[in-house]
Amino acid sequence: MTLVRQLLLLLIMSTVGVLGVLPKVRQQEIAEITPTIATQGNTLYNNEELYAAGHAMDKDLSTLAVTTTANGAGWLKLEFDKTYFIHKVVIYYRFYTNWYYPSVWCVLSVAYFNACVDNDNNVDVSVYQGEVKQKSCGTLQLTYGLEQSDQIYTLLCNIEGDTVILSKNTGVIAVYEVAVTMTEREEEIAEITTTSVTQGDTITNSKGTHLAAHAIDKDLSTGAVTTSDNGAGWLKLEFDKTYFIHKVVIYYRFYNNWYNPSYGCAESEANFMACVDRNNNVDVSVYQGEVQQKSCGTLQLTYGLEQSDQIYTLLCNIEGDTLILSKNTGVIAVYEVAVTMTEREEEIGEITSTSVTQGNTITNSKGIHLAAHAIDKDLSTAAATRTDNDGGWLKLEFHKTYFIHKVVIYYRFYNNWYNPSVWCAQSVANFKTCVDNDNNVDVSVYQGEVQQKSCETLQLTYGLEQSDQIYTLLCNIEGDTLILSKNTGNIVVFEVAVTKTECESFDTTKFPGLEDLSPELPVFPGTILTVKCEKPARFAIISGDKTLTCVQGCEVYPDISLSKY
């Protein structure tokens with residue numbers, strides 16, 4: 001089959017059935033890096049709608065990026081915002097059995113499918129630092145496997161770089177998704193920063209010194225290891241103060257695609273299982289000073305071979321200032337330990353409420369759900385009000401008028417909820433009932449008693465994870481009050497954070513060329529001029545006192561009236 005015919009068939013394959021089909025979204029990889037831009041040499045037929053480079057990073061398994069190799073253009077480039085230690089590249093290709101669009105040419109027969117594989121095969125995958133190649137992670141060797149699981153390919157890189165390039169000299173590069181991961185784990189929601197980490201007898205071997213600090217460096221390729229000889233089997237994490245500790249997340253080594261395949265534990269499954277046995281059964285406890293408050297549980301490692309199998313969560317829900325992992329025999333080996341509290345982090349540009357009130361505060365067996373709980377930064381407490389007798393409102397007031405940018409609302413979640421005995425967390429069905437009852441809350445900005453804008457209606461989902469239950473509503477309007485309201489059911493929110501735009505002022509003398517601007521400036525507020533700011537900003541405004549203000553979020557900065565420059 002000629003290349004021209006193959007390319008024509010690719011076009012047919014990719015255009016049939018595209019409209020009216022829901023995206024086939026892939027799961028995010030653990031420690032996945034999001035590219036800032038994707039580009040390619042020669043988009044097939046210059047059709048950016050069907051074959052754009054961006055399709056390689058849109059998480060939609062039914063869309064593809066395609067570039068031809070004509071005139072040296074056989075490349076697809078993913079660039080990142082900074083240098084990372086790139087662990088692996090995961091590439092998704094089309095499969096045959098139960099493909100999303102059964103009418104496309106490549107899946108009309110196994111013979112056609114094999115022809116497409118041959119045309120798209122043998123792609124080099126390399127990591128670059130700028131324009132300099134650091135390492136070829138390997139050549140993408142497509143197989144004739146017919147199942148979806150057969151067409152997911154993993155190439156190990158384990159090298160620093162800021163760019164990944166796929167390239168070949170003949171045929172076509174056609175990929176459906178390219179996911180790049182680093183060794184750095186993501187921060188947990190409400191994670192506590194450890195001020196000190198120590199352990200008993202640090203192990204040093206041919207693979208290096210396994211320092212206690214490796215347990216909190218967020219690098220999944222390094223581990224803290226201590227023996228239990230002479231009573232030294234402990235790893236201690238200390239915090240700057242007492243926290244209500246919610247959970248402990250522990251990352252252990254995995255077998256498939258481990259960062260260093262020459263490592264003894266990764267040389268065979270038998271070795272891996274032996275390491276699991278040796279490192280198993282670690283007690284994880286919260287302390288206040290030297291006094292144990294509670295054992296959160298025993299770390300029970302499994303023989304799961306994937307990275308996702310080796311992430312363990314233990315619930316604590318107790319106050320303390322120290323976490324200790326301990327055992328009496330064998331070895332403690334952990335790659336990351338993340339400890340979370342119920343206190344959320346402050347949002348950038350967050351406004352402090354001077355008063356928070358609500359209509360009909362709900363009191364039940366779990367306590368009094370005060371309005372103040374909506375702003376106490378404690379994710380385990382809730383403000384709750386009934387809608388009886390016009391009581392369905394929660395009001396946050398501020399000490400002056402702000403340009404309110406967004407509202408971030410935290411709702412309860414199901415998996416690993418702080419108090420598993422509450423009714424809403426006893427079953428998924430119960431949880432969904434609570435979501436339905438608490439849903440559809442209007443969130444509006446007011447100036448005094450006058451509504452300025454409804455930012456949006458809070459649309460709760462049935463997502464079970466903590467990250468699913470954080471909602472952001474954009475407002476971008478002036479006001480001094482935020483009101484949540486509804487007419488039926490209840491309003492229940494665990495945290496409400498309101499942010500303003502953040503602006504920075506600089507003297508105009510720091511900006512050469514400013515004198516070339518028109519000497520006549522409008523006198524009405526909020527006029528925007530395009531000038532280059534010293535710091536990142538969207539807009540710049542010049543006021544009558546020759547102060548340049550870089551505005552990072554708002555389109556109109558309300559506090560400055562412009563006059564002659």
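Note on segment 272-319: residues that are open to solvent by less than 80 Å² (accessible area, probe 1.4 Å), without any contact (Cβ under 8 Å) to a residue 40 or more places away in the chain and out of contact with any strand residue (DSSP E or B) (no Cβ under 8 Å at 6 or more places or on another chain) amount to 5. Within segment 191-212, residues that are polar (S, T, N, Q) reach partners that are in a loop (DSSP other than H, G, I, E, B) and open to solvent by less than 30 Å² (accessible area, probe 1.4 Å) with beta carbons closer than 7 Å, at six or more positions or on different chains, in the pairs THR202/HIS210. Listed by first and then second residue, the pairs with beta-carbon distance under 8 Å, at least 6 apart or on different chains, first residue in segment 51-62 and farther than 15 Å from VAL164 by Cα, second among the polar types (S, T, N, Q) and part of a loop (DSSP other than H, G, I, E, B), are HIS55/THR63; LYS59/GLN28.
Among the residues making up segment 169-187, those that are part of a loop (DSSP other than H, G, I, E, B) and either surrounded by 19 or more Cβ atoms within 10 Å (Cβ to Cβ) or β-branched (Val, Ile, Thr) (or both) are THR170, TYR176, THR183.
Of all residues in segment 236-264, those that are under 23 Å from THR181 (Cβ atoms) and open to solvent by 20 Å² or more (accessible area, probe 1.4 Å) have Cβ atoms under 6 Å from Cβ atoms of residues that are part of a loop (DSSP other than H, G, I, E, B) and acidic (Asp, Glu), 6 or more apart or on another chain, in ASN256/GLU306.
For segment 381-424, filtered to residues that are outside any loop (DSSP other than H, G, I, E, B) and within 24 Å of the chain's Cα centre (by Cα), the residue that is surrounded by the most Cβ atoms within 10 Å (Cβ to Cβ) is VAL407. Per the listing THR97, THR43, THR69, THR39, the residue uniquely of a type outside the set (A, V, I, L, M) and under 17 Å from THR143 (Cβ atoms) is THR97.
Residues in segment 438-471 that are in a helix (DSSP H, G or I) and surrounded by 15 or more Cβ atoms within 10 Å (Cβ to Cβ): ASP438, GLN466, ASP468, GLN469. Can you find a residue in segment 200-217 that is open to solvent by 60 Å² or more (accessible area, probe 1.4 Å) and of a type in the set (A, V, I, L, M)? Looking through segment 200-217, at least one residue is open to solvent by 60 Å² or more (accessible area, probe 1.4 Å) and of a type in the set (A, V, I, L, M).
Of the strands (runs of 3 or more DSSP E) lying entirely inside segment 14-122, those containing at least 1 residues that are over 30 Å from GLN310 (Cβ atoms), modelled with pLDDT of 90 or more and of a type in the set (Gly, Ala, Ser) span 37-40, 65-68. Taking segment 341-380 on its own, how many of its residues are surrounded by fewer than 15 Cβ atoms within 10 Å (Cβ to Cβ), part of a strand (DSSP E or B) and of a type in the set (A, V, I, L, M)? Going through segment 341-380 one residue at a time, the tally reaches 1.
The values are calculated or read from the model by the stated rules, or taken from the named source; none is laboratory data. Here the structure is a predicted model, which means the values were calculated and not measured. All Cβ positions, glycine included, derive from the backbone under ideal geometry; neighbour counts span all protein chains shown. The protein model used for the area step is the full one, side chains on, heavy atoms only, and it has no ligands, DNA or RNA in it. Shrake-Rupley method; radii C 1.70, N 1.55, O 1.52, S 1.80 Å.
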